[in-house]
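First comes the structure, then the notes that go with it.
The values are calculated or read from the model by the stated rules, or taken from the named source; none is laboratory data. The structure displayed is predicted, hence computed values, not measured ones. Cβ sites come from the backbone with ideal geometry, for glycine too, and all protein chains shown count toward neighbours.
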């Protein structure tokens, strides 16, 4: 999560302390709205680029589905499925942990980020929507299987 400090403190030591505490940017009062918006866009661009770079890895296969992380897509024969960055992260995690149960907390930490407040419905709804797009029959999933009360698993082929 990007952090931007807005402060009336203008001493160099205050700026340095803010950046050491984890700020991605430091804006001094008074400031203009356009400046704040430009800085928010700049910080967001940096974070988005980093997330895309993390997802840019080699293609991999899950069941009969080819996952293409660099394209944010999956392919089953001639069918193309558009994926979000989070979809790719979920599939990469399940593929990497193939055969093992991936707990809800692990999935939130790795796919949503440590700062995200875990909400079971958020995860369930996201997995449900992802299944509708990637499974041949979402009522009988072969790629993302539910392990009730624990999390999800990809058995692998």
> Quick check: is even one residue across the stretch 66-77 in the same structural domain as residue 144 (by TED's automatic domain parsing) and at positive phi?
Replying inline: yes
>> Can you tell me which condition residue 93 does not meet? The list is (1) touching a helix residue (DSSP H, G or I) at 6+ places or on another chain (Cβ under 6 Å); (2) at positive phi, and all the others hold.
In response: (2)
> Given the conditions (1) assigned to a helix (DSSP H, G or I); (2) touching a strand residue (DSSP E or B) at 6+ places or on another chain (Cβ under 6 Å), and given that residue 143 satisfies all but one, which numbered condition is not satisfied?
Replying inline: (1)
>> If residue 81 meets every condition in (1) in contact with a strand residue (DSSP E or B) (Cβ under 9 Å, 6 or more places away or on another chain); (2) under 30 Å from residue 134 (Cβ atoms); (3) assigned to a helix (DSSP H, G or I); (4) in contact (Cβ under 8 Å) with a residue 24 or more places away in the chain apart from one, which number is that one?
In response: (3)
> Within the stretch 32-60, how many residues are at pLDDT 90 or above, out of contact with any strand residue (DSSP E or B) (no Cβ under 6 Å at 6 or more places or on another chain) and not in a helix (DSSP H, G or I)?
Replying inline: 1
> Considering 27, 90, which residue is at pLDDT 90 or above, surrounded by 12 or more Cβ atoms within 10 Å (Cβ to Cβ) and in a helix (DSSP H, G or I)?
Replying inline: 90
